[in-house]
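The values are calculated or read from the model by the stated rules, or taken from the named source; none is laboratory data. These numbers come from a predicted model, not from an experiment. Glycine gets a Cβ as well: all are built from the backbone with ideal geometry, and neighbour counts include every protein chain shown.
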Amino acid sequence: MKIHEYQAKALLKNFSLPISKGTSLTDLKDVESAYKAAGTPVVAVKAQIHAGGRGKGGGVKIAKSLDEAQKYASQILGMNLVTHQTGPKGQKVRTLYIEAGTAIAKEMYLAVLLDRETSQLVIIAAGEGGMEIEELAHKSPEKIVRKQIDPLLGFRSFDGRLLGYALGLKETVHAELTTICQNLIRAYLALDASLVEINPLVLTADNHLVCLDAKMTIDDNGLYRHPEIEKLRDLYEEDALEMEAAKFGLNYVSLDGTVGCMVNGAGLAMATMDVIKLAGAEPANFLDVGGGATKEAVTEAFKIILKDTKVKAILVNIFGGIMKCDIIAAGILEAVKTTKLSLPLVVRLQGTRAPEGLKLLSESGLPIQTAETIGDAADKVVKAAGK
């Protein structure tokens, strides 16, 4: 689950991270009070959406007076902000964050995340901030610093000094950097985060470090421990179909193609999408019904796929292990009848009780195509989708 910058900063402030004064607002009449609360003549007026590149898209402005703050706020609040992460459709700005200005001497990048190869936390840092870390990694990978965090030793002052030197910071701020890293790690673990990113982390003109921006993603699997964070979810920023799928234990991600996919297992889902692309079409979604899908779950999966108007044909690719293929076939038949499916449907079943499942489908009298191999299934569904 993603949260907004102002929400992430409120959480990080509880872990003694250096955060500038700021106020969130949804109504232009609150701009004056937010400006005064910042306590500085210069403020940043920031759009709050779940996407990077806000500044490049016109969603972050520096105001040097109340009049400018009000002008920029009126321009940004309600605008459709388009960035490289929102796609061409953009995202409507419903919340602003007005933050105290900072005299910046240097911008850096700092993040804590999980290194899945080593199963340890890692700090990613760079001496340049305020830009996409992916772009920096592509153009100047040597500027990216990685520091594995030993789960027993944690982040030590020795690590902070090494990181400080790597970022080009003077020794006078190494202790401050060490404390920030230690507190970021505490926040990451305590909040069940999957990412905590500070971009930029800035060195001020008076030689102190400030977290000027904050991005945080919370692991959905840990939200049951944090009902207070669950309440921070912004439904306007979430994909409605993905939210609906989650209610039924389905993993769904909307894509831009025309072939709807229903698969059990994330690896099989990725392979299925690859084969669809190789056959000449694009997948419309990633939908994993899991290893123990019921008839009801399969029916809901079909309903969700059919709500995507881009879908021209549907491919069901199931490998029956724990899940029996005849049960899935019965669920498919029930879903076809319930949804009154009119789109072409191709089904491939392999594994436990696959012959029985295929027999159910072939004897149903419904216009369902079956396939023996994934290649055959992809060719059939792509042809049916008109590609």
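Restricting to the range 270-308, give me the number of residues that are assigned to a loop (DSSP other than H, G, I, E, B) and of a type outside the set (Lys, Arg). Counting residues in the range 270-308 that are assigned to a loop (DSSP other than H, G, I, E, B) and of a type outside the set (Lys, Arg) gives 12. Filter the range 246-259 for residues that are assigned to a strand (DSSP E or B), buried (at least 19 other Cβ atoms within 10 Å of the Cβ) and under 21 Å from the mean Cα position of the chain (by Cα) and give the result. Of everything in the range 246-259, just one residue is assigned to a strand (DSSP E or B), buried (at least 19 other Cβ atoms within 10 Å of the Cβ) and under 21 Å from the mean Cα position of the chain (by Cα), namely 252. The C-beta contact set for the range 319-338 (first residue assigned by TED's automatic domain parsing to the domain that holds residue 350, second residue basic (Lys, Arg) and surrounded by fewer than 19 Cβ atoms within 10 Å (Cβ to Cβ), distance under 7 angstrom, 6+ apart or interchain) comprises 320/353; 324/353; 325/353; 326/353; 330/295; 331/295; 334/295. Screening residue 311 against (1) part of a helix (DSSP H, G or I); (2) hydrophobic (A, V, I, L, M, F, W, C); (3) in contact (Cβ under 8 Å) with a residue 40 or more places away in the chain leaves a single unmet condition, (1).
Do the conditions hold for residue 13, that is, is it free of Cβ contacts under 8 Å to residues at least 24 places away in the same chain and charged (D, E, K, R)? So residue 13 passes the test. Considering only residues in the range 340-369 that are loosely packed, with under 13 Cβ neighbours inside 10 Å and within 36 Å of the chain's Cα centre (by Cα), the one that is farthest from residue 383 (Cα to Cα) turns out to be 340.
Just one of the numbered conditions (1) outside the structural domain of residue 192 (by TED's automatic domain parsing); (2) free of Cβ contacts under 8 Å to residues at least 24 places away in the same chain is not true of residue 32: (2). Do the conditions hold for residue 196, that is, is it more than 16 Å from the chain's Cα centre (by Cα) and buried (at least 21 other Cβ atoms within 10 Å of the Cβ)? It is false that residue 196 is more than 16 Å from the chain's Cα centre (by Cα) and buried (at least 21 other Cβ atoms within 10 Å of the Cβ).
For the range 345-387, the tally of residues that are more than 17 Å from residue 263 (Cβ to Cβ) and in a loop (DSSP other than H, G, I, E, B) stands at 8.
Table: residues versus (1) surrounded by 13 or more Cβ atoms within 10 Å (Cβ to Cβ); (2) over 28 Å from residue 58 (Cβ atoms); (3) in contact (Cβ under 8 Å) with a residue 24 or more places away in the chain.
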{"residue": "93", "(1), (2), (3)": "yes, no, yes"}
{"residue": "104", "(1), (2), (3)": "yes, no, yes"}
{"residue": "115", "(1), (2), (3)": "yes, yes, yes"}
{"residue": "162", "(1), (2), (3)": "yes, yes, no"}
{"residue": "173", "(1), (2), (3)": "yes, yes, yes"}
{"residue": "182", "(1), (2), (3)": "yes, yes, yes"}
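For the range 60-72, the tally of residues that are among the polar types (S, T, N, Q) and loosely packed, with under 15 Cβ neighbours inside 10 Å stands at 1.
Among the residues of the range 42-59, at least one is loosely packed, with under 15 Cβ neighbours inside 10 Å, under 26 Å from the mean Cα position of the chain (by Cα), farther than 16 Å from residue 95 by Cβ and of a type in the set (Lys, Arg).
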